[in-house]
Amino acid sequence: MPASARPRSARFAVVLAVAAVFLGLGGAGAAPGLETDQFFAWGRPLKDMTGVLNARVNLELERLVAELNRDGRDRPCQKVRFRFFKRHRMLFFDGFETWSVNSPLVSRSPSGADEMREFKQHYLYGGTSSVFDTGRWMPPSPTVEVNGVRLGTDKLTHLLGTAWYYHRWYRKARSRGVPLAEAEDRAVRRGLGHEITILGRAVSGVLSLADLEANYEGMWFYEHLCAGDDPNIVYDEGVWRLRRPFDLRDYVTPEWDESYQPNIYIRRKWPKVRQRMLRYCRMLEHPQVRAMREAYAERDRVTETEKLIEEMVVAGKLPDPSQFTIESVCREAAD
Amino acid sequence: MERVQADVDETSLRWLGVTRVRYSIPLEFSVGGGVVVARVPASHDCATFCEYRGFVAQIEPGSAGGQLGVGYARLIGAHKPRSAFLNNVYVGWSARAVLVRTWGDSDLDPARQTLAGFEGQFALPRITFNLGVLRRISSAHEGADRYVYTAGIGWGF
């Protein structure tokens, strides 16, 4: 190898390694932030998937229990949590989401070649992002229905994947003697920081409050997986067992539906999204949409995430999400 | 629960084509074509995305050399209905044993030589990187380097 070729090769390798690390970090952030569009599912029939998705998660919990029993000894709860997290984490995606977007047992929208084609034309974020938006390079998550709430399959990634990090921050604070409420608050604020920067708004121009809700609930799933008064998994008389099966109904709320709980958009993106949202104004009178939103309103409550967002809005750090609701968009258009 | 378990556990072997275009040292501009062989749940059409973990083999002729690589790949990707090719790799990596033969205007000295080594690849949507190390296995004049560090950037997997 001539002397001139070697430095060139070495320089090229260094530049590539640095680029790979930076893009890798960007990709790692973008991937869990897959976008979803619940408006597209409006008026389309979907079967309730609570039982099927519960069965999928419980299958993995049972396999985790079997694995722990093969080891044949007690383990710290944090190690058990990590083993569960590792079982379904696939690179930056989550195994439960990958399964739910493929399995013929899962009723979802869009589904099938014709509906997929239609979705591509009507997708809420279609044509709303720049070429450099890595979120745009990722596939959108379809909508499923759980306990009467329509949500993107990406929420499974948030609940059982991203939430692992929330829980780790929470545990870390607790292990330093931080009181429970403050540890929870620290984890949620740090999570919001990630969603505003690398995981959401800065990358795709969308801050999904529904994602934050799922992350928050997932933090408690991990906390109670093998600890507390009512754990899912226990080590009892030398044997691990699934004491309480996982149930999505304990976590899912109407706030997980992004057509109900509005996202916060950056100024550049909002006009394009708004234009696409306008198409759904007439659908607000559709019997399925009306019934669903009335049922949501009855179940609606002020969540911890909403309290934090309200605080940020009052402090002028985030725009008021109420301006991004479908009602607000349609009202403005009518005026 | 039984139906879910069957859906997860009943797998089939899938062969999917992979392609890449890249600029790398020492191949310079090259086009690769190969196959990923992996087990995925039999009922999954993978039109949105699936995880593939398995064997990868690829042949890659370039302007300054050609490469044959075999190894292990793990990726999340999708293919169009009835297509035998992965048209989208969202994220993935591979570790390959490679055999390289350089030709033409290669920067190496000697320009024509045969090398063997390892290559690691990391792919994100629309971009792929690779780094590796090769050891010359053909004869050369005294003083010629035995090892070459490889690097590349391109599109595909």
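Once you average over the residues of B:12-25, how many Cβ atoms of partner chains fall within 10 Å of each Cβ? Before the final figure, lay out each step's value.
Working: counts 0, 0, 0, 0, 0, 0, 0, 0, 0, 0, 0, 1, 2, 7.
Partner Cβ neighbours, averaged per residue: 1.
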Check: For B:G65, which sequence-distant residues (separation of 5 or more, or a different chain) have an amide H within less than 5 Å of its own amide H, given hydrogens modelled in the peptide plane?
Finding: B:W103
Next item on the list: Treating cross-link reach as a plain straight distance, find the lysines whose alpha-carbon is under 27 Å from the alpha-carbon of A:K86, omitting any fewer than eight places away in the same chain.
Entry: A:K155, A:K172
Next item on the list: Would you please give the residues with an amide H less than 5 Å from that of A:R89, counting only those at least 5 places away or on a separate chain, with H modeled from the backbone geometry?
Entry: A:G95
Notebook entry, point to check: Amide H neighbours of B:F157 under 5 Å, counting only residues 5+ apart in sequence or on other chains, H built in-plane at 1.01 Å?
Noted result: B:T19, B:R20
Margin query: Antiparallel versus total DSSP beta bridges in chain A: what percent is that, nearest 5?
Written below: 85 percent
Next item on the list: Rank these residues by their accessible area, most exposed first, probe 1.4 Å: A:K120, A:K307.
Entry: A:K120, A:K307
Note to self: With a 10 Å cut-off between alpha carbons and a GNM built on chain A, which of A:Y216, A:Y235, A:Y125 moves the most?
What the structure shows: A:Y235
Note to self: If I compute solvent accessible area with a 1.4 Å probe over the protein chains, what percent of it on chain B is carbon and sulfur?
What the structure shows: 60 percent
Checklist line | Backbone HN-Hα couplings from phi across region A:164-170 [Karplus 6.51/-1.76/1.60, Hz, Gly and Pro as x] | finding: 4, 5, 4, 5, 5, 5, 4
Checklist line | Most mobile listed residue (A:V314, A:V57, A:V80) in chain A, GNM with C-alpha springs under 10 Å | finding: A:V314
Check: Which of the lysines could a cross-linker span from A:K307 if the Cα-Cα distance has to be under 18 Å and same-chain partners fewer than 8 positions apart are dropped?
Finding: A:K317
Margin query: From the helices alone, meaning DSSP H stretches of at least four residues, give me the mean residue ellipticity at 222 nm for chain A, per-run term -39500 (n - 2.57), in deg cm²/dmol to the nearest 500.
Written below: -16000 deg cm²/dmol
Margin query: Give me the percent relative contact order of region A:11-334, please, defined on Cα pairs under 8 angstrom at least 6 residues apart.
Written below: 23 percent
Check: Between chains A and B, what is the buried accessible area in Å², counting both sides, with a 1.4 Å probe and ligands, DNA and RNA left out, to the nearest 100?
Finding: 3700 Å²
Check: Per-residue HN-Hα couplings for region B:136-153, Karplus 6.51 cos²θ - 1.76 cosθ + 1.60 at θ = phi - 60°, whole Hz, x for Gly and Pro?
Finding: 5, 10, 9, 6, 8, 6, 5, x, 5, 5, 8, 10, 10, 8, 10, 7, x, 9
Check: Can you tell me the accessible area per residue over chain A, all protein chains present, probe 1.4 angstrom, in square angstrom?
Finding: 44 Å²
Notebook entry, point to check: Over region B:2-156, what is the mean sequence separation of C-alpha contacts under 8 Å (at least six apart), divided by residue count, expressed as relative contact order in percent?
Noted result: 19 percent
Check: So which residue, out of A:G152, A:G228, A:G205, gets the largest mean-square fluctuation from a GNM of chain A using Cα contacts under 10 Å as springs?
Finding: A:G228
Margin query: Per residue, how much accessible surface does region B:15-57 expose to a 1.4 Å probe? Answer in Å², no decimals.
Written below: 36 Å²
Check: Leaving out ligands, DNA and RNA, what percent of the accessible area of chain A is carbon and sulfur, probe 1.4 Å?
Finding: 54 percent
Notebook entry, point to check: Which of the aspartates and glutamates could a cross-linker bridge to B:K80, judged by Cα under 20 Å and excluding same-chain residues fewer than eight apart?
Noted result: A:E97, A:D114, A:E115, A:E118, B:D45, B:E51
Notebook entry, point to check: Got a sec to turn the phi values of region B:52-59 into Karplus ³J(HN,Hα) couplings, 6.51 cos²θ - 1.76 cosθ + 1.60 with θ = phi - 60°, whole Hz, x for Gly and Pro?
Noted result: 10, 10, x, 7, 10, 9, 8, 10
Next item on the list: Using just the helices of chain B, give the 222 nm mean residue ellipticity in deg cm²/dmol: DSSP H runs with n ≥ 4 each add -39,500 (n - 2.57), and the total is spread over all residues, rounded to 500.
Entry: -1500 deg cm²/dmol
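The values are calculated or read from the model by the stated rules, or taken from the named source; none is laboratory data. Small disclaimer: the values here were computed from a predicted structure and weren't measured. Neighbour counts run over all protein chains shown; Cβ positions are idealised from the backbone, glycine included. Accessible surface areas use protein heavy atoms only, side chains included; no ligands, DNA or RNA. Shrake-Rupley method; radii C 1.70, N 1.55, O 1.52, S 1.80 Å.
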